[in-house]
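What follows is calculated from the coordinates using simple rules that are stated; it is not laboratory data. This one's a predicted model, so the numbers in the text were calculated from it and none came from an experiment. Reconstructed Cβ throughout: ideal geometry from the backbone, glycine too, with neighbour counts over all protein chains shown.
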Amino acid sequence: MTVQRIDQRASGHSVLPESMIEDYQEFHFSPGFEAGGLLFISGQIGVDASGGVPDQPAEQARCAFERIGTILAEAGLGFEDIASITSHHVGEVTEIFGWFPEVKDSFLAPPYPAWTALGVSGLAIPGIVVEISAIAKTRANGSTNETS
C-alpha cells in the first residue's frame, strides 16, 4: 500500500498584515495562515505599536489581542470568528484569573470560544509574560462576519 502525503500548505496561504512583515522576514513565520477553512494565528506577544513592552500583564494581553485583531482584519474576519484561543503565561497560571478573563472578555463575546491557559517558564522576549494564539473559522467554513 502506498501512503500519499498531502501538503496542506500548498492549499493555504499566509495572512500577513503590513505591520508584521518585518517579523515574517526576520523570524520566518506567518502571523496567520489560512488553510482548510480555518485561520491559524501564531502566538502574539504583548508589545505595543512602537514595539515597547508594557509593564502590566493586563496591558500586554490587551496588546496581544489587538495584534490578533490586526491579523483577523487582514483576513476579512473579526473576533466573533475565533473558535479557540490558547494563552501562555509566565509563572503560575492560577495567578492570571484575577485579570486575564476581564481583558479576554473585552475582545471575545458569547458564545465564548474554547480557551486553554498554560503556565510557562519564559517566552521569547525578556519581560513578555503573555502570548496568545488563536484559530478562527473563515467564510469558507461558515464565518458569520460579512466584512471584506
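Just need the relative contact order of the chain here, percent rounded to a whole number, with Cα pairs under 8 Å and 6+ apart. Walk me through the numbers before you get to the answer.
Details: 253 pairs, mean separation 43.2, N = 148.
Over the chain, the number comes to 29 percent.
Would you pull out the residues with amide H under 5 Å of A83's amide H, same chain only if 5 or more places away, H placed 1.01 Å from N?
I135, A136, K137
Within the set of other residues whose C-beta is less than 15 Å from the C-beta of S121, count the net charge using Lys and Arg as +1 and Asp and Glu as -1.
-3
Per-residue HN-Hα couplings for the range 97-110, Karplus 6.51 cos²θ - 1.76 cosθ + 1.60 at θ = phi - 60°, whole Hz, x for Gly and Pro?
Coupling constants for the range 97-110: 5, x, 9, 5, x, 5, 5, 4, 6, 6, 10, 10, 10, x Hz.
For Cα pairs less than 8 Å apart in space and 6+ apart in sequence, what is the mean separation divided by the residue count of the range 10-72, i.e. the relative contact order in percent?
28
Could you work out how much longer the chain between W99 and R139 gets when fully extended? Use 0.36 nm per residue separation minus the Cα distance between them, nm to one decimal.
11.2 nm
Taking the Cα centre of the chain as origin, sum charge times position over the Cβ atoms of Lys and Arg (+1) and Asp and Glu (-1), and report the length of that vector in debye to the nearest 20. Working shown, then result.
Numbers: 7 positive and 19 negative charges, 117 e Å.
Rounded to the nearest 20 debye, it is 560 debye.
Restricting to Cα atoms and excluding each atom paired with itself, what does the Kirkwood estimate give for the chain in Å?
For the chain, the Kirkwood estimate is 16.0 Å.
Long-range amide H contacts for A117: which residues qualify at under 5 Å (H placed 1.01 Å from N, peptide plane, sequence gap of 5 or more or a different chain)?
Residues meeting the criterion, in which the H sits 1.01 Å from N, are S87.
Sorting check: for 112-122, 54-64, 126-136, which peptide has the highest mean count of neighbouring beta carbons within 10 Å, and how do the rest follow?
126-136, 54-64, 112-122
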